[in-house]
Amino acid sequence: MKVTFLGTGTSQGVPVIGCDCAVCRSLDFRDKRLRSSVHLQVGGLSLVIDTGPDFRQQMLRANVRHLDAVLFTHEHKDHTAGLDDVRPFNFKQGKDMPLYARPHVIEQLKREFAYAFAEHKYPGVPQLKVHPIDHAPFFIEGVRIIPVEVMHYKLPVLGYRIGNFAYITDANYIAPEEKEKLRGLDVLVLNALRRKEHISHFTLEEALALIEELQPRRAYLTHISHQLGLHREVEAELPGHVRLAYDGLCVSVAYEPEHEEESQSSQ
């Protein structure tokens, strides 16, 4: 499995408009953060988690030329606003784009992109096929995906586990039963907004404590604000198996294909 970090910033991105702090003025490319998203190449399957406002730029920068499906974590704009830009994949691949999300997220998408779901569509609008999901594992072309519910203040958000890789963003609480889904990981991606306490995101200290509890072999921090600090300085503070993710970072994760029939028979 190849994981490409398309964006590692918070909802405003980094640099923040009009900000003159050291991070926003930094010339280090690792301090330039688009809104959070990842691309997953699992064998021949190409997936994206979230289509934020920078989706078009991210697809071009990462040279993603084929996309099989989009998974959504939740309905906030910094994770959905770029959905219209799946259109080139519609045209190139000649089919609707499958979207996987909870029913209330799908309803929000239908409101915000009403023209794409209209009975009589304007020519050229995105062609979308929705797949409601919840807590149960599901398959996309034979790849098993396990939803992991986390809390973003009072809003339920989905993370996802595929094989021994898991991606958690926009969280500040994970229930014990959901933590069990995050045991035995090779790679955990987890949000760490800043150092100061926040109402709906893990702080750096809280993220590191959770990583220590879950014991993944490697961990990468994402959904980072300019308030966390300069990449090179924060990175120097971290344990050896934890890194700050940055835009464009690619990570390889061992993946054992799992057949749908075998998984269902073992449940």
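Here are the numbers for the structure shown:
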item	result
Members of the range 152-181 found to be more than 16 Å from the chain's Cα centre (by Cα) and assigned to a loop (DSSP other than H, G, I, E, B), listed by number	Y153, K154, I174, A175
In the range 185-207, the residues that are out of contact with any Leu (no Cβ under 9 Å at 6 or more places or on another chain) and within 26 Å of A236 (Cα to Cα)	D186, V187, K196, E197, H198, E205, E206
The range 38-85 - residue that is aliphatic (A, V, I, L, M) and part of a loop (DSSP other than H, G, I, E, B) and, of those, nearest to Y160 (Cα to Cα)	L67
Near pairs, Cβ below 7 angstrom, 6+ apart or cross-chain, from the range 1-28 (under 14 Å from H223 (Cα atoms)) to any residue that is among the β-branched types (V, I, T)	F5/V38; F5/T222; L6/V38; T8/T222; T8/I224; G9/I224; T10/I224; V14/V23
Qualifying position, being on the phi > 0 side of the Ramachandran plot, of a type in the set (S, T, Y) and either touching a residue at least 12 places away in the same chain (Cβ under 8 Å) or crowded, with 19+ Cβ neighbours inside 10 Å (or both), among Y160, Y153, Y167	Y153
Boolean, D78 is in contact with a Gly (Cβ under 6 Å, 6 or more places away or on another chain) and crowded, with 18+ Cβ neighbours inside 10 Å	yes
Members of the range 118-151 that are within 21 Å of D85 (Cα to Cα), out of contact with any Lys or Arg (no Cβ under 8 Å at 6 or more places or on another chain) and assigned to a loop (DSSP other than H, G, I, E, B)	A118, E119, H120, K121, Y122, P123
Tally of residues being over 18 Å from the mean Cα position of the chain (by Cα), closer than 23 Å to I162 by Cβ and either at pLDDT below 95 or not in a helix (DSSP H, G or I) (or both) across the range 86-117	2
Looking only at the range 132-164, and only at residues there that are touching a strand residue (DSSP E or B) at 6+ places or on another chain (Cβ under 6 Å) and among the acidic types (D, E), the one that is farthest from H104 (Cα to Cα)	E141
Selection from the range 116-126 of residues that are without any contact (Cβ under 8 Å) to a residue 12 or more places away in the chain and touching a helix residue (DSSP H, G or I) at 6+ places or on another chain (Cβ under 9 Å)	F117, K121, Y122
Near pairs, Cβ below 6 angstrom, 6+ apart or cross-chain, from the range 232-247 (within 16 Å of D186 (Cα to Cα) and free of Cβ contacts under 8 Å to residues at least 60 places away in the same chain) to any residue that is among the charged types (D, E, K, R) and not in a helix (DSSP H, G or I)	H241/R218
Any hit, the range 93-110, residues being under 18 Å from P126 (Cβ atoms) and of a type in the set (S, T, N, Q)	yes
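The values are calculated or read from the model by the stated rules, or taken from the named source; none is laboratory data. Please read these numbers as outputs of a predicted model, since none were measured by experiment. Please note: Cβ atoms are built from the backbone with ideal geometry, for glycine as well, and neighbour counts cover all protein chains shown.
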